[in-house]
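This is the structure, below, for whatever I ask next.
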Amino acid sequence: MSANRSATMLLEELCELLARHARDDTTTAIADLLIGREEADMPPLPSMPWTHMTLIAQGAKHLAYGEQIHDYRAGQCLVASVAVPLECQFIEATPERPVLGLCLRLHPAEVAEMMVQAPGGAVPDNDDIATPGVVFADASAELLDATVRLVGLLDEPRDREVLTPLVKREILWRLLTGEYGPTVRQIGLSDPRFSPIAEAVQWIRHHYREPFRIDELAERIGIVGALVAWSGKLRRTGNTVGISITPATPRA
């Protein structure tokens, strides 16, 4: 974390950035990043139609998810692993102290790719627990720091194109390895192109001591038949398992 800034200091900086870059339509020059500013309590707003992370930097937000009702405030983050219907309402908003927040879209393919590349044990395994589709938690200082740097790139057009993908990946990594991990993992597993690969990697990392055949693993996770053909290479070194799985050209 740059200069060892506290979460309070990072939130203050984030508020300044959000207030400066907020537009009426919430869009920004960074793809998938929306910034919201509300100066009055508003009636329920439509939910985002895609998987996402939202973070409140100032004020509070009232959210209804099914029969669950939550109020989340400055420094708290929400991650939705499915496009569930959420009723959101800004509260405690005034012109002098508006509600400030951001929303970052999370793409299943990018989550799945990171799951495949992650070292063993880094990504929480939620196979044995019920994973909520929506999760709330306090944002860590590391997550806040990366978020500040992402929004700060709106002031740096020269650097934005190169650095934005890197900072987005850091944010995703913080989410995937933090309290939100099991829910974020479900986003990756929802991508039809990558979920079998992610499942294979997770299975191998938990069963690397057991003998198995690649074709048997493919059948176990459903990569069989004429739909798709895969080739895999497995390397074992002590307790470390590395795998490279790439699409193979189907036979004519």
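Compute the accessible area per residue over the stretch 76-177, keeping the other protein chains in place, probe 1.4 Å, unit Å². Provide the component values of the computation, followed by the final result.
Details: 4670 Å² over 102 residues.
Here the residues of the stretch 76-177 average 46 Å² of exposed surface.
So, by mean Cβ neighbours within 10 angstrom, what's the order for 155-168, 53-66, 110-123 with the highest one leading? Can you show the working numbers first?
Working: 155-168: 13.2, 53-66: 20.6, 110-123: 18.1.
So the order, starting with the most tightly packed, is 53-66, 110-123, 155-168.
Another question, if that's okay. Just to confirm a number: summing +1 for Lys and Arg and -1 for Asp and Glu over residues other than Lys61 whose beta-carbon lies under 12 angstrom from that of Lys61, what do you get?
With Lys, Arg at +1 and Asp, Glu at -1, the neighbours total -4.
With a 1.4 Å probe and every protein chain kept in, tell me what percent of the accessible surface of the stretch 130-171 is carbon plus sulfur.
56 percent
Could you tally the net charge around Ser6, taking each other residue with its Cβ under 14 Å from the Cβ of Ser6, Lys/Arg +1 and Asp/Glu -1?
Computed value for this residue: -4.
The values are calculated or read from the model by the stated rules, or taken from the named source; none is laboratory data. The structure displayed is predicted, hence computed values, not measured ones. In this analysis, Cβ positions are derived from the backbone assuming ideal geometry, glycine residues included, and neighbour counts consider all displayed protein chains. Areas reflect the complete protein model, heavy atoms only, side chains present, ligands, DNA and RNA absent. Shrake-Rupley method; radii C 1.70, N 1.55, O 1.52, S 1.80 Å.
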